[in-house]
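Notes follow the structure.
The values are calculated or read from the model by the stated rules, or taken from the named source; none is laboratory data. Note that the structure is a prediction, hence the values are computed from the model and not measured. Here the Cβ positions follow ideal geometry from the backbone for every residue, glycine too, while neighbour counts run over all protein chains shown. The accessibility values were calculated without ligands, DNA or RNA, using every heavy atom of the protein model including side chains. Shrake-Rupley method; radii C 1.70, N 1.55, O 1.52, S 1.80 Å.
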Amino acid sequence: MPQAKIIAVANQKGGVGKTTTAVNLAACLGFRDKKVLLCDLDPQGNATVALGIGKRQIKMSSYEALIGRCKTADAVLSTSARKLSLLPANISLVGAELELAEMAQRERKLRQALLPLEEEYDYIILDCPPSLGLLTLNCLCAAHSVLIPLQCEYFALEGLSQLTQTMRTVKKMYNPALELEGLLLTMFDGRLNLTLQVAAEVKKFFPGKVFSTVIPRTVRFSEAPSFGKAMIYFDTWSKGSTAYLDLADELIKKHSNS
């Protein structure tokens, strides 16, 4: 059995479309007939809510799986989206950073938790918290690659050096296989000079590492989570759905060639 490709969606800067990307990419990979597990590792639990999973449905979560209180498979829930399962999160995950700090091999807990599931999925997508704490460190140690969403705005590259430095450190110390999957330009508006300048700047600093798919700015992205649906099931023919389908296709093509 081939092993799942584990991709961490990370950016410690909030408001860049990180959870939107994790949820919609996971749903579009499932739509393209890939078996996908989305792991919500953000204590805010936004990815969980975005897929229509309510607090009452969560008996066990990524928190219990991380600290070894349950088998990860026992916490996984099915979703209404095709071929997409979810490891949910809730506010209890806030305590995980403190508890992990006391544990031996604390940076490898997620890696260990996911190991038994790797042969069951084609893709495992990790929605990281918007910080560079122990939870994100666990994601980077468990992942094969990191996808970084970047908002097309003035401060887009700010903080990126911190994340790439953290990735280099993790690669050197814990996870030699870790690669940069690519940078994804989000909230893209091709009519704005600033957007085009940011895109050119990112491509200059990261040659060959920027996805050709860009994610447009659209209000539909903020509407879909309140219906508990990924964009592809909320408004199938919208610009947002098409963009994330294109991104899924770009990834599938890349991995089938590698």
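Taking the condition open to solvent by 20 Å² or more (accessible area, probe 1.4 Å), out of contact with any Pro (no Cβ under 9 Å at 6 or more places or on another chain) and over 23 Å from V214 (Cα atoms), does K5 pass?
So K5 fails the test.
Just the residues that are closer than 12 Å to A10 by Cα and either part of a helix (DSSP H, G or I) or open to solvent by 10 Å² or more (accessible area, probe 1.4 Å) (or both), please, taken from the range 139-158.
C139, L140
Tell me, which residue of the range 184-205 that is charged (D, E, K, R) and either in contact with a His (Cβ under 7 Å, 6 or more places away or on another chain) or more than 19 Å from K239 (Cα to Cα) (or both) is surrounded by the fewest Cβ atoms within 10 Å (Cβ to Cβ)?
Ranking the qualifying residues of the range 184-205, first place goes to K204.
Do we have E181 as open to solvent by 20 Å² or more (accessible area, probe 1.4 Å) and not hydroxyl-bearing (S, T, Y) here?
No.
If you take the residues of the range 128-138 that are in a loop (DSSP other than H, G, I, E, B) and modelled with pLDDT under 95, which of them is nearest to the chain's Cα centre (by Cα)?
P129
Of a type in the set (D, E) and either crowded, with 16+ Cβ neighbours inside 10 Å or under 20 Å from N11 (Cα atoms) (or both): does that describe E102?
no
Of all residues in the range 41-56 being among the hydrophobic types (A, V, I, L, M, F, W, C) and part of a loop (DSSP other than H, G, I, E, B), which is surrounded by the fewest Cβ atoms within 10 Å (Cβ to Cβ)?
I53
Within the range 21-33, can one find any residue that is surrounded by 24 or more Cβ atoms within 10 Å (Cβ to Cβ), among the acidic types (D, E) and out of contact with any His (no Cβ under 8 Å at 6 or more places or on another chain)?
no
Tally up the residues in the range 63-89 that are surrounded by 22 or more Cβ atoms within 10 Å (Cβ to Cβ) and touching a helix residue (DSSP H, G or I) at 6+ places or on another chain (Cβ under 6 Å), please.
Residues meeting the conditions: 10.
Given the conditions (1) touching a residue at least 24 places away in the same chain (Cβ under 8 Å); (2) part of a helix (DSSP H, G or I), and given that I215 satisfies all but one, which numbered condition is not satisfied?
Only one criterion is unmet by I215, namely (2).
Do you know which residues across the range 158-199 are among the small types (G, A, S) and either on the phi > 0 side of the Ramachandran plot or in contact with a Pro (Cβ under 6 Å, 6 or more places away or on another chain) (or both)?
Residues satisfying the conditions are G159, G182.
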